[in-house]
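The values are calculated or read from the model by the stated rules, or taken from the named source; none is laboratory data. Worth saying up front: this structure is predicted, and the values here are computed from it rather than measured. When we count neighbours, we look across all protein chains shown, and the Cβ atoms used for this are built from the backbone with ideal geometry, even at glycine.
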Amino acid sequence: MAVIEVGCAVILRDGKLLVAQRNEGDTCGGYWEFPGGKKEAGESLEECLVREVREELAVEIRPRKLICRHDCVCPERTVALFFYFCDWVRGEPQCLDCQDARWVSRAGLRELKFPEGDDGVLRKLIRRNLVR
C-alpha cells in the first residue's frame with residue numbers, strides 16, 4: 001500500500017491561525033485546512049512546507065516543531081499528515097492555489113468545516129489556548 005506524506009503548516013500570528021479553503025474540484029473541495037501539501041522525492045517535510053505554503057499562498061514560513069502525525073487509511077493508500085508549528089516570516093496570504101485563505105480566531109475555527117484528519121490537532125490547539 002502506498003504511503004503519501006503530507007506536511008501541514010500550523011501558522012500562528014497574533015493568536016490567530018492561517019487556514020486555506022480547498023478548491024472545489026479537489027478532494028475535500030470546499031473544506032478548510034492547514035496549508036501544505038505532498039512531500040516530493042528527496043525533500044524533507046520542512047522543505048515541503050516552505051515550498052507548498054509559498055506556492056499556495058505566497059507566504060514565507062519557518063517550520064519549527066512537529067506537533068503530531070495522523071494517518072488517514074484508505075483502501076488504496078495511506079495519507080500520513082505531519083502537523084508542524086511554523087513561524088510566519090513575511091507575506092500576506094494570496095489565493096494562488098486555494099479558493100480562500102484567512103487568519104482565524106478560536107471562534108472562527110468552530111465555524112469552518114475541516115477534514116476529519118485535522119480534528120485532533122484542532123482540539124490540541126484550542127485546549128492549549130494557543131488560538132484566541
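For this structure, a couple of remarks:
- Residue in region 18-34 that is assigned to a strand (DSSP E or B) and either within 17 Å of residue 2 (Cβ to Cβ) or of a type in the set (D, E, K, R) (or both) present: yes
- Criterion applied to 79, 53, 3 was being closer than 28 Å to residue 110 by Cβ and assigned to a strand (DSSP E or B), and the one residue passing it is 79.
- Any hit, region 102-121, residues being in contact with a helix residue (DSSP H, G or I) (Cβ under 7 Å, 6 or more places away or on another chain), over 14 Å from residue 37 (Cα atoms) and in a loop (DSSP other than H, G, I, E, B): yes
- Among the residues making up region 1-22, those that are more than 23 Å from residue 76 (Cα to Cα) and of a type outside the set (A, V, I, L, M) are 13, 14, 15, 16, 21.
- Any hit, region 70-83, residues being under 13 Å from the mean Cα position of the chain (by Cα), at pLDDT below 95 and charged (D, E, K, R): no
- Conditions (1) within 22 Å of residue 120 (Cα to Cα); (2) touching a helix residue (DSSP H, G or I) at 6+ places or on another chain (Cβ under 8 Å): number failed by residue 40: (1)
- Residue check, residue 45 farther than 22 Å from residue 113 by Cα, surrounded by fewer than 21 Cβ atoms within 10 Å (Cβ to Cβ), in contact (Cβ under 8 Å) with a residue 24 or more places away in the chain and not basic (Lys, Arg): yes
- When residues of region 99-132 are limited to those that are closer than 20 Å to residue 50 by Cα and in contact with a Leu (Cβ under 7 Å, 6 or more places away or on another chain), the one surrounded by the fewest Cβ atoms within 10 Å (Cβ to Cβ): 103
- Residue within region 29-51 that is out of contact with any His (no Cβ under 9 Å at 6 or more places or on another chain), among the β-branched types (Val, Ile, Thr), within 13 Å of residue 62 (Cα to Cα) and at pLDDT 95 or above present: yes
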